[in-house]
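Undergrad: Below is a structure I'd like to ask you about.
Each value in this text was obtained by applying a stated rule to the coordinates, not by laboratory testing. Bear in mind the structure is a predicted one, so any value in this text is a computation, not a measurement. Note: ideal-geometry Cβ built from the backbone for every residue, glycine included; neighbour counts use all protein chains shown.
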Ligand SMILES: [Zn+2]
């Protein structure tokens, strides 16, 4: 009796299971649920969630709980190191993104930046100063070149560049804010993306990173009014008069590589690279930039606009 009851139970369960799986199967075969669509939907959802970055951020913020017990007798430090290494390797399986950003234009040097973007077919981002654009016919022409080049994205670096008196400028956030607004109107800028003169400040999504306190109020005011503020990860400096490198092209390249490999940029796999337009007014400076771009290309870097920052995985 007991045996037959058990048999009946097993039979009922297996029938139920087969009904469920048949239903599932028939949906797939007959296309009721459209398997292709389902998979595409799943991929879309997965793409939207940056799993790696979430795990990376949690690790950086010490939000992952590691335990040591007899079954798992590995120190927390070691476990953290192993997780970090495995996340780095996972990031390495994704593309490397670099953002070439040029500040303070239009200046002598801008025409070269415009033409090298076309020659190498790469996207570049320029953070512009309205006052410079209004200095002469030549600079106005440089601005027009930038505007008509689909490989150049124009952003806001203030109208006056604080007249290079940064503390005084940032001590009056309202006035500083008005200076950015004037720049946006004068240059007819389409993106609400700014870089603060003389400051490496980032405010975007839920990130707020301030290098010098004086400057924070202006940045917050801009952000409150819908602006995104981007700083930089790596800077390259050349003597603008001679074009002689203060940092050689090779050492700058290895600096970028380190940021990419160690995932020490603000967002892993995304390196924001700062240069200035006036660095490229001599043949020497121009050759250096050309070499650097070729090297980055040969290492598989993808060139992006700041409006697409950050590309998350
Ligand atoms: Zn600047």
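Undergrad: What value in Å³ per residue do you get for the convex hull of the alpha-carbon atoms in the range 51-93?
TA: Dividing the Cα hull volume of the range 51-93 by its residues yields 71 Å³.
Undergrad: Order of 281-292, 105-116, 190-201, 130-141 by packing, highest average Cβ count within 10 Å first?
TA: 105-116, 190-201, 281-292, 130-141
Undergrad: Could you order the peptides 73-80, 216-223 from most to least packed, using the average number of other C-beta atoms within 10 Å per residue?
TA: Descending packing order for the listed peptides: 216-223, 73-80.
Undergrad: Which whole number in µm²/s is D for the range 96-308 by Stokes-Einstein, with the Kirkwood Rh taken over Cα pairs at 4 °C and 1.567 mPa s?
TA: 75 µm²/s
Undergrad: Where the centroid of each part is defined by its Cα atoms, how far is the range 199-230 from the range 236-313 in Å?
TA: About 23 Å separates the Cα centre of the range 199-230 from the one of the range 236-313.
Undergrad: Follow-up. At a Förster radius of 22 Å, what calculated FRET efficiency corresponds to the Cβ-Cβ distance of residue 136 and residue 211, to the nearest 0.05?
TA: Calculated value: 0.10.
Undergrad: Oh, and also: How big is the gap, in Å, between the Cα center of the range 160-176 and the Cα center of the range 104-149?
TA: Between the Cα centre of the range 160-176 and that of the range 104-149, the gap is 24 Å.
Undergrad: At a 10 angstrom cut-off on C-beta neighbours, averaged per residue, how do the peptides 62-68, 240-246 rank from highest to lowest?
TA: Ranked by mean Cβ neighbours within 10 Å, highest first: 240-246, 62-68.
Undergrad: Along the Cα→Cβ direction, 7 angstrom out, place labels at residue 186 and residue 165. What is the inter-label distance in nm?
TA: About 1.7 nm, to one decimal.
Undergrad: Mind grabbing the base-10 log of I(q)/I(0) for the range 122-215 at q = 0.18, 0.25 Å⁻¹? Debye formula, identical points on the C-alpha positions, no solvent, two decimal places.
TA: Relative scattering, expressed as log10 I(q)/I(0), comes to -0.85, -1.34.
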